Structure formats: structure tokens, C-alpha cells
Amino acid sequence: VRVDELSTPAVVVDVDVMEANVRRMASRAAAAGIALRPHGKTHKTAEVARVQLAAGAVGLTLAKTSEAETLVAAAGIEDVFLAYPIVGADKGRRLLALSDRVRLAVGVDSVEGARTLAEVFAEAGRSLDVLLKIDVGFHRVGVVPEQAAAMARRIADLRGLRIRGVFTHAGQGYGGQTPAEVAAIGRGESRLTREAAEAIRAAGIPVEVISVGSTPTAASAIAAGGITEARPGSYVFNDASEVELGTCPVEECALTVVATVVSVPAPDRAVLDAGSKTVSNDPLRPRAGSFGHVLGTRSRLARLSEEHGVIAVAEGDTFRVGQRVRVLPNHCCAVANLHDRLFAVRGDVVEDTWPVIARGKVD
Ligand SMILES: Cc1ncc(COP(=O)(O)O)c(C=O)c1O
């Protein structure tokens, strides 16, 4: 089957571009002497996980317990870190079962949350590795660096848990207005996480892992040194936001949406069969503006409803009903999560179909 023959809309992954992205990040981590643990939420597939592991990834990062249950069973992953504050005895029991099958660690950022997992593991006479989440400026979850040592002490005192390290996600990098600003955020991400680790060590608690991770800050955070692990996710596919931020050129974007023009009601307006249920309505970063670039044109998706993607036709561009286009979406992770399958293509040939088995795994 050729890409032209796919029923639209369809999400295609250019495998050559994806493999180059995987190799580039693997080399960057290897050159710095640190571990790479890609975030699997971007692709949610066993096939892409295997490519990352074959290129030297030490294991996978995931967010949710059910993502781990699904991907561990399907992809033979041996090492998983859930980079999320997991809370609840129900989750604790599932993590206990999972820890029979993989080397496991999870995120924590509170004593109350950590205790819900500690009790399950202590009762079973087992121990769960945890990484303390440090807030380096995203202000989502995590303890501020100044509180890291005190919180680590209280968590280390819980029977059933062992502190393996610290981790952070500098999501504020997606708001960086210039590449220089993003790079400064990446350097700060490394420095603050390392300082938190040093404070915890000074309190007498060993810290094996200092883990940072986001795609825009990956290069600068790794170059800054002092960390042991990076966890980028989006880098495997990239998207319009990474291009806008200056993280990568369009040529390094592996995931696109093939869509058909279904209506041209006015010279300045063309409509695709791909709306928010296909390309997601995530905003373009760092500045909102459009919902996807129509590749090979200057036109953008200006407006979405569920099944319609409205292109604001740029001067010099023309669209006709029935024409197929490729859209570069704003956020690759959100797009993968909306689809049952990704079509793996080399050039114009569809080589394989990858089921997005961990989509919708939210618990
Ligand atoms: C905790 C955590 N780690 C790593 C990542 C990967 O970030 P990115 O997709 O920018 O590579 C994310 C993404 O949201 C995250 O939340």
C-alpha cells in the first residue's frame, strides 16, 4: 500500500526520520555518559519502544500504571520509571504485581501520597524504588529544591520505599520565547536538580539517579552536565511546536497527518477532513497561532471543529476539493493518543501498521 492509497485522515510516521531522531538523541546521551529513558507516552506503541531500546535506551519512562501494564506485556520492557506522583493503595497493589516483572520506580512528591504505596509494599515485605519530583520552575507538581532534603528524609523513613533519586520536567521550556531562553531553562533544569540531589546526599540519603527530561531542553540540559539520565519524549516524532521553538527543523518531524480537502467554500478558506479529533486542539507553542502547518504551503490550520480543519489559505496557495495534504500537528503526543494506529512509512510505501496499544490508558 502507498501513502496515497490510505483512507484519510491517517497518521503516518516516516520511519527513516524517526530512526534518525532516535539515533541522534541516543548519541547525545552516550556522548555525555548518561542514561536515556525516553517517555513512551509520545508513541504508546510497542514497536517504537523497541526501536528506542535497541538504540540503547536503558528503559522507558511512562506516566500511568495502565500504560506500564500494557507496554510491559507487549514490548518485553524490563525497566520502567513512572514519572508521575502515583497515589493510592489500588495503584500500589498493581505496582507490586508489575514489580514482579520489571525493574520499577515511580515518582513521589508528598509523604501522604508516598505512604499509600509504602504500606502496600511494606505489608508484602517488599520495597519500591521512588524518585522525588523536584519543581524547577514549571510549577505543576514537585517540591521546590530548598525543601528537597527535608521531604526526602520523611519519605526515606517510610518502610516499603527506597529513594533511588530525583527527577524533574522543565515543561516551562515550551513557553521559551527564543532558543536562547529555552537553553537557559535547560541549564537551570540540570543545575537545580543536581543541587537538590546534593542537598539530599548532604542529609545522608544516597542519590543514584538525577533525571531531567523534556525535548526542547534536552540538548542544553544534557550539555550542562551533573545529571545521570534524560527522559525526552516528543523528540522521537517532533511536531510544529518543536519547530517553532527552534528545537528541530521541519525535516526532523516524523509524524504527520494525511488529510483530504473536502470543501473550498471561499478563495481564502479550504476545509480538511481532519479536525480536533484528528490533529488535537493543543495550542502551538510557544505562541498560540494555528493548529497545524500544511506542509509544502504557507497555509495553516486556523480553526478546528471536531471533524473539520479550516485552512486559512495564504496568498499564493491554492487548494482544490479532493487534494491530499500533509499536516504537521502542534503536539505529536496528543495526536498519537487520538488514533488506534500509526502507519509506518518509508518514502511513499506503507511498511507496517503500529497499534497505539497504550492509548486511553489513563489510570
Ligand atoms: C514528567 C515528564 N517527563 C518527560 C516528559 C517528556 O517531555 P517532552 O515531550 O517535551 O520530551 C514529560 C512530558 O510531558 C513529562 O511530563
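Show me 247-253, 81-87 ranked by packing, highest mean number of other Cβ atoms within 10 Å first. Could the numbers behind the result be given before it?
Values: 247-253: 17.1, 81-87: 21.9.
Ranking the peptides 247-253, 81-87 by packing returns 81-87, 247-253.
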Practice task
Can you pull the one-decimal nm distance between simple spin-label points at residue 314 and residue 97, each 7 Å off the Cα toward Cβ?
Solution key: 5.1 nm
Exercise for the section: Would you mind working out the magnitude of the charge dipole of the chain relative to its Cα centre, with +1 at each Lys and Arg C-beta and -1 at each Asp and Glu C-beta, to the nearest 20 Debye? Expected result: 640 debye
Fill in the blank from the handout: Taking R0 as 51 Å and r as the Cβ-Cβ distance between residue 281 and residue 202, the FRET efficiency 1/(1 + (r/R0)^6), rounded to the nearest 0.05, comes to 0.65
Problem - Euclidean distance between Cα centres, the stretch 55-84 to the stretch 241-256, Å - result: 25 Å
Exercise for the section: Return, ordered by residue number, the residues of the stretch 329-346 whose backbone nitrogen is under 15 Å from a label point located 7 Å along Cα→Cβ of residue 352. Expected result: 341-346
Exercise for the section: Please give the length that would be gained between residue 24 and residue 306 if that part of the chain were fully extended, namely 0.36 nm times their separation in residues minus their C-alpha to C-alpha distance (nm, one decimal). Expected result: 98.0 nm
Exercise for the section: With unit charges on the beta carbon (Lys/Arg positive, Asp/Glu negative), name the residue among 114, 291, 331 whose Cα is farthest towards the positive pole of the charge dipole of the chain. Expected result: 114
Exercise for the section: Please list 171-178, 211-218, 67-74 highest first by mean number of surrounding beta-carbon atoms within 10 Å per residue. Expected result: 211-218, 67-74, 171-178
Completion exercise
Once residue 295 and residue 323 are pulled to full extension, the length gained, defined as 0.36 nm per residue separation minus their Cα-Cα distance, is 8.8 nm
Fill in the blank from the handout: For residue 277, the aspartates and glutamates lying under 15 Å Cα to Cα, once residues fewer than eight places off in the same chain are dropped, come out as 306, 307, 340
Fill in the blank from the handout: Note to self: C-alpha centroids of the stretch 291-357 and the stretch 128-170 sit apart, in Å, by 39 Å
Problem - Probe 1.4 Å - accessible area at residue 361, Å² to nearest ten - result: 70 Å²
Problem - Taking the stretch 1-93 and dividing mean pair separation by its residue count, relative contact order in percent (alpha carbons under 8 Å, at least six apart) - result: 22 percent
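Too long at a 18 Å Cα-Cα cut-off: which of 133/361; 64/133; 44/133; 64/361; 64/91? Display every interim value, and only then the final one.
Details: 133/361 22 Å; 64/133 15 Å; 44/133 23 Å; 64/361 7 Å; 64/91 10 Å.
Beyond 18 Å between Cα atoms: 133/361; 44/133.
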Fill in the blank from the handout: the chain: relative contact order from alpha carbon pairs under 8 Å, six or more residues apart, as a whole percent, is 20 percent
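What translational diffusion coefficient, in µm²/s and rounded to a whole number, does the Stokes-Einstein relation yield for the chain at 20 °C and a viscosity of 1.002 mPa s, taking the hydrodynamic radius as the Kirkwood radius over Cα pairs? Each step should come with its number before you reach the end.
Details: Rh = 21.2 Å.
Estimated via Stokes-Einstein, D reaches 101 µm²/s.
So how much slack lies between residue 16 and residue 31, counting 0.36 nm per residue of separation and subtracting their Cα-Cα distance, in nm?
The span from residue 16 to residue 31 would gain 3.2 nm if fully extended.
Out of the DSSP beta bridges found with both residues in the chain, what percent are antiparallel (nearest 5)?
Details: 30 of 60 bridges.
In the chain, DSSP labels about 50 percent of beta bridges as antiparallel.
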Fill in the blank from the handout: Quick calc: nm separation of the 7 Å Cα→Cβ label points for residue 251 and residue 74 -> 3.3 nm
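The values are calculated or read from the model by the stated rules, or taken from the named source; none is laboratory data. Predicted model, so just to flag it, every value in this text is computed and none were measured. Here the Cβ is made from the backbone with ideal geometry for all residues, glycine too, and neighbour counts use every protein chain on show. Calculation scope for accessible area: heavy atoms of the full protein, side chains included, ligands and nucleic acids excluded. Shrake-Rupley method; radii C 1.70, N 1.55, O 1.52, S 1.80 Å.
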